[in-house]
Amino acid sequence: MRAVVKENEGIGAVLKDVEKPVLNEGEVLVKVKAAAICGTDQHIYVWNTWAQNNNIKLPTILGHECSAEVVEVGPGVKGLKPGDYVACETHIPCGECYQCKNGEQHICGNLKLFGIHTNGCYAEYAKIPAICAVKIPESINPNVGAVLEPLGTAVRANVEVQSSGKNVAVIGCGPIGLMAVGAAKAFGAASIYAIDINDYRLGIAKEMGATEIINSSLDKAGEKLVELTNGVGVDAFIDASGNTAAILEGFRGLRKGGKVALIGLPSRPLEIDLGSQVVFKEATIIGIHGRRMFETWTTMSNLLDKGLLNIDPVITHVLKLEEFEKGFEIAQNGMGGKIILVP
Ligand SMILES: NC(=O)c1ccc[n+]([C@@H]2O[C@H](COP(=O)([O-])OP(=O)(O)OC[C@H]3O[C@@H](n4cnc5c(N)ncnc54)[C@H](O)[C@@H]3O)[C@@H](O)[C@H]2O)c1
Ligand SMILES: [Zn+2]
Ligand SMILES: [Zn+2]
């Protein structure tokens, strides 16, 4: 089969013929319908310090976000059969640790990541533990199915901050932030303030349902949020920028008693005045690492299936698998939303 393989350290990857995966106990073989490029794939593609320090074994097949059809099930697999339409959950839980035994397998203590610690889905076929092949409604088209993994992160952030009827800010309008704007809209947020420094992406935020866009290179986002909420501050903010200065602006714009969902991964520690910004504010802060397995999947499948959430504006490019280099180039220069690769 054809696959995009990261062969060695250094920038780039190659498209080549490799053996089709052989199934072990509890695994399924899927035929990939569509795959998507994520920030993590970019880290591995360019082999930056994050990639070097994350226990990634080369050579490896890139890619972890995809929609697919089950074509074969391994020994012991129940509940999945050839022909099932699925999307891949990246978090591979051990099933044995404290978190797994206490209803939090998405943050398993021995967590492995599909397409990062295993061969991935930029290929015609991929194998994945059966638990990570999630059945999805046929009404979800394969390109949308390919981005359910990041969409789930965005949906879950909105669930955690309870955005229904609230004034919510989304910081960072990359693919995840844009999907968080769409999810806030779907949940019936009263106002959605989208913040970024990239006007192209702020334009897409508007299409996704932002009530107001704020270019934080021109305006102080915190002050602007307070002004837009009649001096009160927003009920919640979701950070999908990973930028420490932007996160601090979010806290400045947060009302007393407000909620914070953190998705972005800052590259350096954040220095914050906990007294004024968290303690006296009684702020609730939650970190979001992916989707709850599988409540978040159910919620987002329902929203998409019933037409309550439309993420089409975030999918800006659909390319053939062999055009992966072009895809990574667009992703790298920030002039795309979600980029799809079709094998
Ligand atoms: N927690 C998780 O489970 C999880 C999963 C995947 C990705 N992530 C992280 O989530 C974040 C978002 O992912 P993405 O793929 O959308 O990333 P991205 O890099 O495409 O988007 C980040 C956005 O933040 C904007 N930004 C940067 N500095 C800013 C500032 N000072 N003010 C306002 N906006 C600013 C950028 O212009 C960009 O549009 C990343 O940090 C990524 O590493 C987390
Ligand atoms: Zn991803
Ligand atoms: Zn575990």
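The values are calculated or read from the model by the stated rules, or taken from the named source; none is laboratory data. Since the model is a prediction, treat every value here as computed from it, not as a measurement. A quick note on method: Cβ atoms are made from the backbone with ideal geometry, for glycine too, and the neighbour counts reach across all protein chains shown. When the accessible area is computed, the model is the full protein with side chains, heavy atoms only, and any ligands, DNA or RNA have been set aside. Shrake-Rupley method; radii C 1.70, N 1.55, O 1.52, S 1.80 Å.
Things to note:
- Residue count for the range 273-294, restricted to those that are surrounded by 13 or more Cβ atoms within 10 Å (Cβ to Cβ), hydrophobic (A, V, I, L, M, F, W, C) and over 26 Å from the mean Cα position of the chain (by Cα): 1
- Residues within the range 67-90 that are more than 20 Å from Leu321 (Cβ to Cβ) and crowded, with 20+ Cβ neighbours inside 10 Å, tallied: 2
- Any hit, the range 114-130, residues being closer than 30 Å to Glu19 by Cβ and part of a helix (DSSP H, G or I): yes
- Applying the set (1) at pLDDT below 95; (2) open to solvent by 50 Å² or more (accessible area, probe 1.4 Å); (3) in the same structural domain as Lys16 (by TED's automatic domain parsing) to Glu329 leaves exactly one unmet item: (1).
- Identity of the residue in the range 213-266, among the charged types (D, E, K, R) and under 19 Å from Ala157 (Cβ atoms), that ends up surrounded by the fewest Cβ atoms within 10 Å (Cβ to Cβ): Arg255
- His64 meets the stated requirement of being open to solvent by less than 20 Å² (accessible area, probe 1.4 Å), of a type outside the set (A, V, I, L, M, F, W, C) and out of contact with any His (no Cβ under 9 Å at 6 or more places or on another chain).
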